[in-house]
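Please read the structure below before turning to the comments.
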Amino acid sequence: MPSKSTDENKLTEFIKKFPLTKNQQNIIFMLGVTGIALIFISGFIAPKKEKDMPCSSSKIETSMSAKKKSLEESLENIVSGINGAGKAKVLITFEGTCETIYATEEKKNNEASEDKSGEDITRKKESNDSEKKFITVKGSDGGEKALAVTELEPKIKGAVVICPGADDPIVKNRITEAVTTALNINSNRVCITKSN
């Protein structure tokens with residue numbers, strides 16, 4: 001096993017091969033201190049994180065708006081195709097907004113104990129504990145996010161149809177049947193009125 005002094009001698013000899021002036025030694029020392037300071041400071045400065053909720057909620061709103069528009073256009077085409085209805089305009093309303101269901105894990109702990117003191121006295125204790133936690137995953141930015149399982153779209157609240165042939169009871173009945181079937185809603189949630 002080499003002694004400590006021989007290791008120090010080898011290091012000293014190695015350093016002597018690269019003679020540095022006092023000025024060069026000061027520069028190397030300052031660079032070392034600056035590097036250590038930067039490493040230390042970087043621990044206090046957290047990277048900027050994108051705001052998840054506004055970004056994802058705006059994406060959901062945009063997606064929902066596109067689906068609503070597409071559904072309204074499809075329904076306008078269907079109603080306009082009904083004999084006697086004429087060119088139709090459709091408005092669909094929804095209850096609430098999209099709801100995201102997140103993955104969870106639940107831990108249950110059931111304990112039962114019985115204390116006997118004497119022949120006649122018995123005490124029973126039961127405890128049921130449960131703990132529910134969201135399952136999280138690490139995002140690309142290093143932050144943790146809840147794991148989304150599914151997204152529930154809002155229910156359709158109702159529909160308004162405006163068309164020239166809405167004053168004819170037979171046409172109105174056909175439009176009501178088409179809209180209630182297409183949207184899977186009751187007829188009392190459909191308003192059909194005549195346009196100018």
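The values are calculated or read from the model by the stated rules, or taken from the named source; none is laboratory data. The shown structure was predicted, so the numbers you read here are calculated from the model rather than taken from an experiment. Reconstructed Cβ throughout: ideal geometry from the backbone, glycine too, with neighbour counts over all protein chains shown.
Results for (1) outside the structural domain of residue 80 (by TED's automatic domain parsing); (2) over 30 Å from residue 103 (Cβ atoms); (3) not in a strand (DSSP E or B), shown as yes or no for each residue.
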site	(1), (2), (3)
124	yes, yes, no
142	yes, no, yes
157	no, no, no
161	no, yes, no
172	no, yes, yes
185	no, yes, yes
> Failed condition for residue 156, given (1) more than 34 Å from the chain's Cα centre (by Cα); (2) touching a residue at least 12 places away in the same chain (Cβ under 8 Å), with all others met?
Replying inline: (1)
> Regarding residue 151, is this residue touching a residue at least 12 places away in the same chain (Cβ under 8 Å), in a strand (DSSP E or B) and over 30 Å from residue 72 (Cβ atoms)?
Replying inline: no
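For residues in segment 133-161 being out of contact with any Cys (no Cβ under 9 Å at 6 or more places or on another chain) and closer than 18 Å to residue 94 by Cα, which is surrounded by the fewest Cβ atoms within 10 Å (Cβ to Cβ)?
155
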> Could you say whether any residue in segment 97-105 is assigned to a loop (DSSP other than H, G, I, E, B), modelled with pLDDT under 85 and under 20 Å from residue 185 (Cβ atoms)?
Replying inline: yes
> Any residue at all in segment 60-74 that is among the aliphatic types (A, V, I, L, M), in the same structural domain as residue 183 (by TED's automatic domain parsing) and at pLDDT below 80?
Replying inline: yes
> Scanning for something over 23 Å from residue 68 (Cα atoms), of a type in the set (Ser, Thr, Tyr) and touching a Lys or Arg at 6+ places or on another chain (Cβ under 9 Å), does segment 173-180 turn up at least one residue?
Replying inline: no
> In the set 187, 195, which member is closer than 22 Å to residue 71 by Cβ, in contact with a helix residue (DSSP H, G or I) (Cβ under 9 Å, 6 or more places away or on another chain) and without any contact (Cβ under 8 Å) to a residue 60 or more places away in the chain?
Replying inline: 187
> Out of 103, 112, 66, which single residue is among the small types (Gly, Ala, Ser) and surrounded by 13 or more Cβ atoms within 10 Å (Cβ to Cβ)?
Replying inline: 103
